[in-house]
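This report refers to the structure that appears directly beneath it.
The values are calculated or read from the model by the stated rules, or taken from the named source; none is laboratory data. It should be emphasised that the depicted structure is a prediction, and the values quoted were computed from it without experimental measurement. We place every Cβ from the backbone using ideal geometry, glycine too, and count neighbours over all the protein chains shown.
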Amino acid sequence: MSERATVATHGVGRQLGMLAEALVDSGCRVVEFAPGSEAEIVLVGAGPKVAFEGRPLVDLTDNEPALEPGVGVCDAALVEHFPEHGRRVLSLLVGGDDSEFRRVESVCSGAVRAVLHAGTFGAAHKSRALIHTMYLTLKNAAEEIVAVAREHDIGAAEILGIINKSSGESLASQALYRMATEPAGGNAGIHGEIEAAMISDLRNALDLASESGMSGLFARRVYDRLEIKGRKSL
Amino acid sequence: MKALGFIGLGAMGARMARNLVRAGHPLAVHDVNGEAVARAEQDGAVGKASAADVARAAEVILICVPKSDHVEQVFYGEGGIREALDDGKRRIIIDCSSSKAATSRRIGAEMRALGGDFLDAPVSGGIARAETGELAIIVGGDQDTYEECRPVFNVIGANFFRVGELGMGNLAKALNNILSCGNVMIIGEALLLAAKSGLDPRRFADVAGKTLGESYAMERRVTAEVLSGRYASNFKMGLMYKDLTYAMELAAEARVAPLVAGFAHDVAAAATARYGEDADYTRTVNLQELWETGQSAVFGPV
């Protein structure tokens, strides 16, 4: 269906831009939302509120959902994998009921690696924030190990090569291995962007933790470290 | 084929020994547990009364015991390997235990002085890969001795890494184990945050495991052991704490202050005190839940 689908967009945002680009690459027709225009779904980013005429809406704002939950409304969030050959690799999380999820899946499945049902409205944004927080924490743990190994005369590629064939393996350790062994080339800019988005989500996740009375003790250490490095303002 | 010896027939060692017998190696074995020796004899090994007796019968002696102290006991203790080494024969010890680099260097130096050699060769992959002969083996020691022992390694393992001289295998293994244990705790914390934020932790684990949370810890530990309620990874809390303590010593030697790994060590210490050394190490998430929420709702009661 995605090859023939028409998707409308409203507003702006990094997430909205990335998904729109991926949809175009997969053969979808992507247009700006206008009253009376035809579209299977409307992707909504940051921007002024308008009347969407009862169209199925996908809230793709970068941080928290901006729309109110309701019939035909779901939230969605992109998770970026390690880029391949300078191209973004995306998975799309969707928060909404089953029928809303299936609608988004049918339109977007050709544009991303996977469309995953995260739960009810709002679950996509929360899940992405927590996934990014978990990934950053796993990555920081692996970076610590590399630092210790170096001081004991074991190189980054060597220790990460072992870890990646062992029980300490994660996508974070695999990404670090690739960064240690492959020239960054066209991926360098994407890495920086991904990390900036993750740090923003780490902050959101710690806010979620505080609201629910939790500390998030591992994640908070990573945030503190990034603060020390002056990177959390990214 | 070389005559082999095997000392330490626990959950890992028994399976590694069985694979060596099945590959056709003559194998002398010893364990403090007589029943373990009897089971190995049923597989075709020859039981011996002491580590020294194993050494007398073998050209290559494999050791697989829990801690550095046990390795030292196997070598220097009463009835230990050292008692059998004055006959002028060349022998090689392959220590598959996860012990300390200093232990490997001390015993290795003594073996070399006697005309033999020593490889520290800790293994990774758990019981499942020990059973199938697909362990990852991280080797420290002389390159030529490593090559000489490759036919033995090929029977018990599938991925091999020689990282440097004596002790370097144990050092690299300890660093891997920080992540092996720490990753479970990090993912456990994310699941707790998910639950407290109103998400279904199982659905979150599934979604995360298909995106950036994909990892050995997520698939083989959190999903398979924690969320299933099995808590049966067959890796004991006390051994995890031992490994993390050693890793923190290495970090201190390197003058690195690991914030994440350091906290993982603290969690391991408290969890070992609370649940005991014999509890499965994945139980650490239970303590994290108690600390964070005061309840046992997500990961269940202990």
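Say whether the condition of being among the hydroxyl-bearing types (Ser, Thr, Tyr) and assigned to a helix (DSSP H, G or I) is met by at least one residue in the range B:175-189.
Keep residues of the range B:175-189 that are among the hydroxyl-bearing types (Ser, Thr, Tyr), which gives B:180.
Okay, now just the ones that are also assigned to a helix (DSSP H, G or I), so B:180.
Yes, the range B:175-189 has at least one match.
Selection of the range B:264-284 for residues being more than 18 Å from the chain's Cα centre (by Cα), without any contact (Cβ under 8 Å) to a residue 40 or more places away in the chain and assigned to a helix (DSSP H, G or I) yields B:ASP266, B:ALA269, B:ALA270, B:ALA271, B:ALA273, B:ARG274, B:TYR275.
Counting only strands (runs of 3 or more DSSP E) wholly contained in the range A:56-119, the ones carrying 2 or more residues that are over 26 Å from A:GLN174 (Cα atoms) and either within 13 Å of another protein chain (Cβ to nearest Cβ) or out of contact with any Lys or Arg (no Cβ under 8 Å at 6 or more places or on another chain) (or both) occupy A:57-59, A:73-80, A:90-95.
Taken as a whole, the range B:188-198 holds no residue that is at pLDDT 95 or above, under 24 Å from A:ALA149 (Cβ atoms) and surrounded by 24 or more Cβ atoms within 10 Å (Cβ to Cβ). Residues of the range A:127-147 that are under 11 Å from the mean Cα position of the chain (by Cα) and of a type in the set (D, E, K, R): A:ARG128 alone. State whether the residues of the range A:141-152 include one that is farther than 24 Å from B:LEU287 by Cβ, of a type in the set (A, V, I, L, M), more than 7 Å from chain B (Cβ to nearest Cβ) and in contact with a helix residue (DSSP H, G or I) (Cβ under 8 Å, 6 or more places away or on another chain). Within the range A:141-152, one or more residues are farther than 24 Å from B:LEU287 by Cβ, of a type in the set (A, V, I, L, M), more than 7 Å from chain B (Cβ to nearest Cβ) and in contact with a helix residue (DSSP H, G or I) (Cβ under 8 Å, 6 or more places away or on another chain).
Every residue, every condition in (1) over 25 Å from A:ALA175 (Cβ atoms); (2) more than 7 Å from every other protein chain (Cβ to nearest Cβ), yes or no:
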{"site": "B:TYR146", "(1), (2)": "yes, yes"}
{"site": "B:ASN154", "(1), (2)": "yes, yes"}
{"site": "B:ASN170", "(1), (2)": "yes, yes"}
{"site": "B:VAL184", "(1), (2)": "no, yes"}
{"site": "B:ALA190", "(1), (2)": "no, no"}
{"site": "B:ALA205", "(1), (2)": "no, yes"}
{"site": "B:LYS210", "(1), (2)": "no, no"}
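Of the residues making up the range B:104-128, those that are surrounded by fewer than 21 Cβ atoms within 10 Å (Cβ to Cβ) and within 18 Å of the chain's Cα centre (by Cα) number 3. Could you check how many residues of the range A:210-230 are at negative phi and at the interface with another protein chain (Cβ under 9 Å from one of its Cβ atoms)? Counting residues in the range A:210-230 that are at negative phi and at the interface with another protein chain (Cβ under 9 Å from one of its Cβ atoms) gives 11. The set of residues in the range B:232-263 that are over 18 Å from the mean Cα position of the chain (by Cα), in a helix (DSSP H, G or I) and at pLDDT 90 or above comprises B:ALA251, B:ALA252, B:GLU253, B:VAL260, B:ALA261, B:GLY262, B:PHE263.
Considering the range B:266-286, and only residues there that are surrounded by 22 or more Cβ atoms within 10 Å (Cβ to Cβ) and closer than 14 Å to A:LEU217 by Cβ, the residue that is nearest to the other protein chains (Cβ to nearest Cβ) turns out to be B:VAL267.
Do we have any residue at all in the range B:192-199 that's under 21 Å from B:ARG283 (Cα atoms), touching a helix residue (DSSP H, G or I) at 6+ places or on another chain (Cβ under 8 Å), at the interface with another protein chain (Cβ under 9 Å from one of its Cβ atoms) and not in a helix (DSSP H, G or I)? Checked against the condition, which is being under 21 Å from B:ARG283 (Cα atoms), touching a helix residue (DSSP H, G or I) at 6+ places or on another chain (Cβ under 8 Å), at the interface with another protein chain (Cβ under 9 Å from one of its Cβ atoms) and not in a helix (DSSP H, G or I), the range B:192-199 yields no hits at all.
For B:VAL139, are the conditions met, namely being in a strand (DSSP E or B), buried (at least 24 other Cβ atoms within 10 Å of the Cβ), in contact with a helix residue (DSSP H, G or I) (Cβ under 8 Å, 6 or more places away or on another chain) and at pLDDT below 95?
Taking the combined requirement at face value, the residue does not satisfy it.
Of all residues in the range B:58-78, those that are surrounded by 18 or more Cβ atoms within 10 Å (Cβ to Cβ), in a helix (DSSP H, G or I) and out of contact with any Asp or Glu (no Cβ under 7 Å at 6 or more places or on another chain) total 4.
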